[in-house]
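Below is one structure, written out as C-alpha cells; comments come after it.
The values are calculated or read from the model by the stated rules, or taken from the named source; none is laboratory data. All values reported here derive from a predicted model rather than from experimental measurement. Please note: Cβ atoms are built from the backbone with ideal geometry, for glycine as well, and neighbour counts cover all protein chains shown. Heavy atoms of the whole protein, side chains included, go into the accessibility calculation; ligands, DNA and RNA do not. Shrake-Rupley method; radii C 1.70, N 1.55, O 1.52, S 1.80 Å.
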Amino acid sequence: MKKVAIVGVEGSGKTVMLAGLGELYARPDENGYFLAPKNFQTASYVAGKIARMRRGEWPMATAEDVLLGLDWTLRRRQGDGERPRDVCEVSCLDFAGEVYRYAFVRENATPSGLIDEVASLKEYVRNADDLIVLINLRDIIVRGEHDSRVQEAMWITNAILSYALDDPYDHRPPRAAIVLSQSDSYADTIRACGGPKGVLAKYLPYVASNYDWLDILAVSAVDRTVVDDNGNMVPAPDFRPTPLRMIMDWIRYGLHESEPPHAPQRRPAPPDNPSRRIPAAPSAGLGQYFTLRGRKNRAQYWRFIGFVFLGAIASLALGNEAGLGLFVMAMAWPCISNVVRRLHDFNRSGWWWWLSCIQPIGWVVPIFIGLIRGTRGDNDYGPEP
Ligand SMILES: Nc1nc2c(ncn2[C@@H]2O[C@H](COP(=O)(O)OP(=O)(O)OP(=O)(O)O)[C@@H](O)[C@H]2O)c(=O)[nH]1
Ligand SMILES: [Mg+2]
C-alpha cells in the first residue's frame with residue numbers, strides 16, 4: 001500500500017490541503033482519476049471541513065489529541081461501463097502541529113498523554129512512500145527568519161526531512177517534496193524570488209541548503225478568496241480547490257503515470273540517498289522482448305509462450321533443423337526476459353528465475369509463475385502492466 005504522508009508544523013496548511021484534495025478528487029478529473037474514501041470518517045472529515053470553508057471560515061487548528069486517519073483509494077476510470085482501476089492507496093494522518101514540536105524539538109518534554117501520538121507521527125513519517133512537507137508562506141514571509149516561531153518551524157521542517165531522508169539504512173527513503181502553502185496570498189513575492197526555490201533560499205536558508213534538490217512547489221488550496229468583515233482573507237463561498245491538482249500530479253508522477261504538466265523538472269537524487277523511484281517501464285518496441293526491466297501480466301506472459309510454441313512448431317513443420325536451432329537460440333534470452341518480468345509483476349526478484357534450472361522439478365516453475373496474480377498498482381519494478 002502506497003502511503004502518502006502530508007506533514008508540516010502548526011498552521012502550515014495540512015487540514016486545508018487534505019480536505020481540499022478529498023473534495024477536488026471526489027469526482028474524476030479529465031484523466032479519470034478520483035479519490036474514493038475508504039471509510040465514513042474520511043468522507044465526513046472532508047465534508048465537514050469543506051462546509052466550513054464554504055461559509056468563509058478556515059478550519060479550526062487541529063486539536064492536540066486528534067490523530068485522524070484518512071484513507072482513500074486512488075482510482076482511474078477506464079471507459080463507459082468499465083469498472084475503475086485501483087491505482088494506489090492514499091493514506092494520510094491529520095496531526096496537530098503541536099505534536100510535531102514534541103516529536104522533533106522537545107521529545108523529552110512530551111506530555112504522557114501525547115507519547116503515543118509522537119510515536120505514531122514518527123512511524124508515519126518513516127514509513128511514507130511519498131512525503132509532502134508543508135510550509136506556510138505567511139509564517140516565513142511576514143514573520144521572517146529571525147522570528148522565534150519561524151526558527152522553530154525551520155528547525156522542525158529540517159528535522160522531519162532529515163529523519164525521513166538522511167538515514168537510509170533501516171528504511172527506504174521516500175520521494176519527497178517541500179510545498180509552500182498559501183501561494184495565492186504571496187504570488188508577487190514568489191515571482192520576485194524567481195519561483196518557490198528562490199523563496200526557500202531567501203527565507204529558510206538552511207532548509208534550502210540541505211534540501212533544495214527536492215521538488216519545491218508553491219500551492220494554494222483554493223482558487224478564490226475574499227476579504228471578510230474582519231479584514232481576513234477567507235475562501236470565497238464558491239471556491240474550488242482546483243490549484244491542488246498540482247499535488248495530485250506530483251503523487252501521480254511517482255506512480256509513473258503520465259508526466260504532469262505542472263510539476264517541476266525532477267533532479268536526480270544524490271548518490272547517498274537511494275531513491276524509491278521505480279525503473280521506467282521498457283519501451284513498446286522490439287527491445288521489450290530483451291529487457292529485464294519492468295513487468296508482464298499473466299496474459300502477456302502466456303501470449304509470448306504461445307508465440308514461441310507456434311514458432312517452434314512452424315520451424316519443425318518446415319523440416320529445417322538448422323532453422324529450428326536458430327529459432328531456439330534467438331528465443332533463449334527473450335524467454336528469460338519473459339520469466340523475469342513475470343516475477344517482477346508479483347514483486348519478486350528476477351533471480352528466482354534460476355529455480356527453473358533445477359531439474360527434475362524446475363520445469364514446473366514457469367507454469368507456476370504464469371498463474372500467480374500480479375501486484376495491484378505500482379510495485380518495486382514499475383507500474384501495473
Ligand atoms: N489564503 C490561504 N490561506 C491558507 C491556505 N491554506 C491554509 N491557509 C491558512 O493557513 C491556516 C492554517 O491552515 P490549516 O490547514 O488549519 O493548518 P494545519 O497545518 O492543519 O494547522 P494545525 O492543525 O494547527 O497543525 C488557515 O487557517 C488559513 O488561514 C490557502 O491555500 N490560502
Ligand atoms: Mg490541522
Mind telling me which of the residues Arg55, Arg101 ends up being within 16 Å of ligand 2 (Cβ to nearest atom) and among the basic types (Lys, Arg)? Arg101
Those residues of segment 359-385 which are open to solvent by 90 Å² or more (accessible area, probe 1.4 Å) and outside any helix (DSSP H, G or I), in sequence order: Gln359, Pro360, Ile361, Trp363, Leu371, Arg373, Arg376
Failed criterion for Val199 (all others in (1) under 23 Å from the mean Cα position of the chain (by Cα); (2) closer than 12 Å to Leu180 by Cα; (3) in contact (Cβ under 8 Å) with a residue 60 or more places away in the chain hold): (1)
Check whether at least one residue in segment 60-73 is modelled with pLDDT of 90 or more, away from ligand 1 (no atom under 13 Å from the Cβ) and crowded, with 22+ Cβ neighbours inside 10 Å, and report yes or no. yes
Just to be sure I understand, how many residues within segment 9-22 are in contact with a Lys or Arg (Cβ under 7 Å, 6 or more places away or on another chain) and near ligand 2 (Cβ under 9 Å from one of its atoms)? 1
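One line per residue, one yes/no per condition, for (1) surrounded by 14 or more Cβ atoms within 10 Å (Cβ to Cβ); (2) farther than 25 Å from Glu23 by Cβ; (3) touching a Pro at 6+ places or on another chain (Cβ under 9 Å); (4) touching a residue at least 60 places away in the same chain (Cβ under 8 Å):
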{"site": "Val179", "(1), (2), (3), (4)": "yes, no, yes, yes"}
{"site": "Asp184", "(1), (2), (3), (4)": "yes, no, yes, no"}
{"site": "Ala192", "(1), (2), (3), (4)": "no, yes, no, no"}
{"site": "Ala208", "(1), (2), (3), (4)": "yes, yes, no, no"}
{"site": "Val222", "(1), (2), (3), (4)": "yes, no, yes, yes"}
{"site": "Val227", "(1), (2), (3), (4)": "no, no, no, no"}
{"site": "Asn232", "(1), (2), (3), (4)": "no, no, no, no"}
Filtered residue count, segment 22-44, keeping only those that are open to solvent by less than 30 Å² (accessible area, probe 1.4 Å) and either among the polar types (S, T, N, Q) or within 12 Å of ligand 1 (Cβ to nearest atom) (or both): 1
Please determine whether any residue of segment 144-158 is open to solvent by 40 Å² or more (accessible area, probe 1.4 Å), in the same structural domain as Arg245 (by TED's automatic domain parsing), more than 23 Å from the chain's Cα centre (by Cα) and aromatic (Phe, Trp, Tyr). yes
Residue check: is Asp86 touching a Ser or Thr at 6+ places or on another chain (Cβ under 9 Å), open to solvent by 20 Å² or more (accessible area, probe 1.4 Å), farther than 23 Å from Pro59 by Cα and not in a loop (DSSP other than H, G, I, E, B)? yes
Identity of the residue in segment 5-50, modelled with pLDDT of 90 or more and among the basic types (Lys, Arg), that ends up nearest to Ala128 (Cα to Cα): Lys38
Being closer than 19 Å to Arg348 by Cβ and surrounded by 15 or more Cβ atoms within 10 Å (Cβ to Cβ) is the filter here; which residues of segment 294-316 pass it? Gly294, Arg295, Lys296, Asn297, Arg298, Gln300, Tyr301, Trp302, Phe304, Ile305
When you go through Ala63, Ala119 one by one, which is the residue that is over 23 Å from Val179 (Cβ atoms), free of Cβ contacts under 8 Å to residues at least 60 places away in the same chain, more than 16 Å from ligand 2 (Cβ to nearest atom) and not in a strand (DSSP E or B)? Ala119
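Okay, residues lined up against (1) in contact (Cβ under 8 Å) with a residue 12 or more places away in the chain; (2) not in a helix (DSSP H, G or I):
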{"site": "Glu23", "(1), (2)": "yes, no"}
{"site": "Glu30", "(1), (2)": "no, yes"}
{"site": "Ala36", "(1), (2)": "yes, yes"}
{"site": "Tyr45", "(1), (2)": "yes, no"}
{"site": "Glu57", "(1), (2)": "yes, yes"}
